[in-house]
Amino acid sequence: HDLSEMRRAVIREAARQCEHPDPDAIAEGAFAVFMDGRHDIEYFEDALDTLEHLSRHYTLGALSNGNASVERLGLDRFFAFHLNSEGVGRKKPDPLMFERALQLAGVGPDAAVHIGDHPDDDVRGANAVGMATVWVQRNEAPWSGDDAPTWTIRELLELRRLFPG
């Protein structure tokens, strides 16, 4: 669940195997370069406008299995809270991620909607705790199996239609 430490450990071990005199320094330096690249992103065209709209009308929380920082990305202005697998000690689809989000939002599952693009981590995980779900299906693959999402969208702008405010 702690991707940051896993990456540092792999780099550290590679440096040890290469007999580098300071594998810890190599691991930290390489990880810093990785994190710079991790935060050098391009947003989907509709992402920032949609987040702005939703944050004006709803309490938003970000749940991530990764290690990107909403603060470093400049997205913290939209989110009331951010959870990641490192901080929670579990990763989606584990119910604990969603239960912590519900606690922080101060609502029950019947008053929450989880929006995500991963069928298992996002949709099935949130469905398992009783939340409504929006599957952001950016590819052509159809839904398969049970636990279908409440809504399916292809573009984030469609969230404005679903949640007008």
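The values are calculated or read from the model by the stated rules, or taken from the named source; none is laboratory data. These numbers were taken from a predicted model, which means no experiment stands behind them. Note that each Cβ is placed from the backbone with ideal geometry, even for glycine, and that neighbours are counted across all protein chains shown. These accessible areas exclude ligands, DNA and RNA; they are computed on the full protein's heavy atoms, side chains included. Shrake-Rupley method; radii C 1.70, N 1.55, O 1.52, S 1.80 Å.
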Q: Identify all residues within the range 106-155 that are over 19 Å from Pro95 (Cβ atoms) and open to solvent by less than 30 Å² (accessible area, probe 1.4 Å); write none if there are none.
A: Val136, Gln137, Ile153
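Considering only the range 1-42, how many residues are in a loop (DSSP other than H, G, I, E, B) and either exposed (fewer than 13 other Cβ atoms within 10 Å of the Cβ) or modelled with pLDDT under 90 (or both)? So that I can check it myself, show each step before the final result.
Step one: of the range 1-42, the residues in a loop (DSSP other than H, G, I, E, B) are 1-2, 18-22, 39-42.
Cutting the leftovers down to either exposed (fewer than 13 other Cβ atoms within 10 Å of the Cβ) or modelled with pLDDT under 90 (or both) gives us 1-2, 18-19, 21-22, 39-42.
Qualifying residue count, the range 1-42: 10.
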Q | First in the range 1-23 and without any contact (Cβ under 8 Å) to a residue 60 or more places away in the chain, second anywhere and surrounded by fewer than 15 Cβ atoms within 10 Å (Cβ to Cβ), Cβ under 6 Å, 6 or more apart | A | Pro23/Arg16
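Residue by residue through the range 77-95, note down the ones that are closer than 23 Å to Leu3 by Cα and open to solvent by less than 40 Å² (accessible area, probe 1.4 Å).
Across the range 77-95, the qualifying residues are Phe81, Leu83, Asn84, Ser85, Val88, Gly89, Lys92.
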Q: Quick one: Ala126 ticks every box in (1) out of contact with any Phe, Trp or Tyr (no Cβ under 6 Å at 6 or more places or on another chain); (2) at pLDDT 95 or above except a single one, so which number is it?
A: (1)
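Is there a residue in the range 15-33 that is closer than 22 Å to Gly125 by Cβ and of a type in the set (Val, Ile, Thr)?
First, pick out the residues of the range 15-33 that are closer than 22 Å to Gly125 by Cβ: none.
No, because not a single residue in the range 15-33 is closer than 22 Å to Gly125 by Cβ and of a type in the set (Val, Ile, Thr).
Given the condition assigned to a helix (DSSP H, G or I), open to solvent by 40 Å² or more (accessible area, probe 1.4 Å), in contact (Cβ under 8 Å) with a residue 12 or more places away in the chain and of a type in the set (Val, Ile, Thr), answer yes or no: does some residue in the range 50-61 qualify? Please lay out each step first, then the result.
Residues of the range 50-61 that are assigned to a helix (DSSP H, G or I), as a first pass: 50-57.
Keeping just the survivors that are open to solvent by 40 Å² or more (accessible area, probe 1.4 Å) gives 52, 56-57.
Filter again for in contact (Cβ under 8 Å) with a residue 12 or more places away in the chain, leaving 52, 56-57.
If we keep only those that are of a type in the set (Val, Ile, Thr) too, we end up with none.
The answer is no, given that none of the residues of the range 50-61 is assigned to a helix (DSSP H, G or I), open to solvent by 40 Å² or more (accessible area, probe 1.4 Å), in contact (Cβ under 8 Å) with a residue 12 or more places away in the chain and of a type in the set (Val, Ile, Thr).
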Q: Kindly list, by first and then second residue, each pair from a residue in the range 63-78 that is closer than 18 Å to Leu96 by Cα and modelled with pLDDT of 95 or more to a residue that is aromatic (Phe, Trp, Tyr) and open to solvent by less than 40 Å² (accessible area, probe 1.4 Å), limited to pairs with Cβ atoms under 9 Å and residues at least 6 apart or on different chains.
A: Leu63/Phe98
Q | Test: Gly87 is in contact with a Ser or Thr (Cβ under 9 Å, 6 or more places away or on another chain) and modelled with pLDDT under 95 | A | no
**Q.** Contacts under 6 angstrom Cβ, first residue in the range 81-96 being over 20 Å from Thr59 (Cα atoms) and among the basic types (Lys, Arg), partner open to solvent by 60 Å² or more (accessible area, probe 1.4 Å) and modelled with pLDDT under 95, 6 or more apart
**A.** Arg90/His1; Lys91/His1
Q. Can you name the number of the only condition in (1) aliphatic (A, V, I, L, M); (2) assigned to a strand (DSSP E or B); (3) open to solvent by less than 40 Å² (accessible area, probe 1.4 Å) that Ala68 fails?
A. (2)
